[in-house]
Amino acid sequence: MRAVGVIPARYGSTRLPGKPLADICGKPLIQRVYERAAASGALDRLVVATDDDRIVEAVRSFGGEAVLTSPDHPDGTSRVAEAASRFDGDIVLNIQGDEPLLDPVMVGEAVALLAEDESALSATLCVPLAPSLLHDPAAVKVVFDLRGFAIYFSRSPIPFLRCPEGAPPLYEHIGIYAFRRDFLYRFVSLEATPLSRAESLEQLKILEHGYNMKVGVSSAVKLGPSVDTPDDLEQVRGIVRSMDAASDGRGA
């Protein structure tokens with residue numbers, strides 16, 4: 001079963017223009033994402049899908065593969081679908097372009113969720129929710145059934161622990177998505193739904209239209225935030241500097 005990873009990278013960002021090219025300790029953000037995804041060893045092909053020649057040039061300069069896509073896509077998944085149409089693959093991964101601290105293990109875990117369950121049309125990951133993020137709307141929470149299929153995603157705390165004794169763990173959604181190829185094209189053709197609009201969570205379209213999404217609890221640790229704001233960028237730079245310093249210390 002062939003897996004293709006696509007990293008959508010749009011140059012224009014309301015809060016952080018030119019974000020994919022933002023410097024993180026000597027490398028552009030998009031290179032950090034690409035290298036960590038490639039390190040998984042789980043992908044038969046990895047490509048950046050972008051709307052800007054500057055990003056294409058940056059990716060090719062470090063030996064990565066990039067394709068130019070339409071500037072008119074409404075979201076990253078639509079951009080992923082256009083790029084994926086040019087390549088062979090049974091599973092297509094949407095690897096978020098703002099995750100320079102992505103643990104490579106997560107890429108393999110997302111692929112495995114579809115490879116190991118023929119009934120799953122799409123898949124994603126979660127990690128235990130840090131208590132400090134319980135009421136943070138930027139941290140998306142997820143609940144899933146006894147077979148591991150998503151019941152709901154929300155920016156609010158879910159489930160509400162009216163009876164804390166024996167309650168299930170709380171989980172934070174990790175924004176990496178695996179799709180069976182045919183279902184990816186079905187997904188991007190679906191109309192937006194009331195809950196997906198209300199929560200501003202695209203994946204809720206899958207559930208509201210009656211399709212499924214498998215959720216795996218990752219064995220990896222979330223190392224830091226996605227990069228959405230200048231503050232996020234500075235936080236990630238600090239984490240990378242600390243990781244580089246620790247690595248240098250081990251090699252000494």
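For region 218-228, the set of residues classified as β-branched (Val, Ile, Thr) and either crowded, with 16+ Cβ neighbours inside 10 Å or in a helix (DSSP H, G or I) (or both) consists of VAL227 only. Counting only strands (runs of 3 or more DSSP E) that sit completely within region 89-144, those holding 1 or more residues that are within 30 Å of ARG241 (Cα to Cα) and hydroxyl-bearing (Ser, Thr, Tyr) correspond to 122-128. For beta carbons closer than 9 Å, sequence separation of 6+ or different chains, a first residue in region 150-167 that is surrounded by 12 or more Cβ atoms within 10 Å (Cβ to Cβ) and a second that is among the aromatic types (Phe, Trp, Tyr), the qualifying pairs are ALA150/PHE144; ILE151/PHE144; TYR152/PHE144; ILE158/TYR152.
Is region 69-79 home to any residue that is over 16 Å from VAL56 (Cα atoms) and part of a strand (DSSP E or B)? No, because not a single residue in region 69-79 is over 16 Å from VAL56 (Cα atoms) and part of a strand (DSSP E or B).
For region 186-209, the set of residues classified as surrounded by 14 or more Cβ atoms within 10 Å (Cβ to Cβ) and either within 16 Å of ARG155 (Cβ to Cβ) or not hydrophobic (A, V, I, L, M, F, W, C) (or both) consists of ARG186, THR193, LEU195, SER196, GLU199, LEU201, GLU202, GLN203, LEU204, LYS205, LEU207, GLU208, listed by residue number.
All of (1) in a strand (DSSP E or B); (2) β-branched (Val, Ile, Thr); (3) in contact (Cβ under 8 Å) with a residue 60 or more places away in the chain hold for VAL240 with one exception: (1).
Of the residues LEU146, LEU161, LEU184, the single one that is farther than 22 Å from LEU43 by Cβ and at pLDDT 95 or above is LEU146.
The values are calculated or read from the model by the stated rules, or taken from the named source; none is laboratory data. The shown structure was predicted, so the numbers you read here are calculated from the model rather than taken from an experiment. Note: ideal-geometry Cβ built from the backbone for every residue, glycine included; neighbour counts use all protein chains shown.
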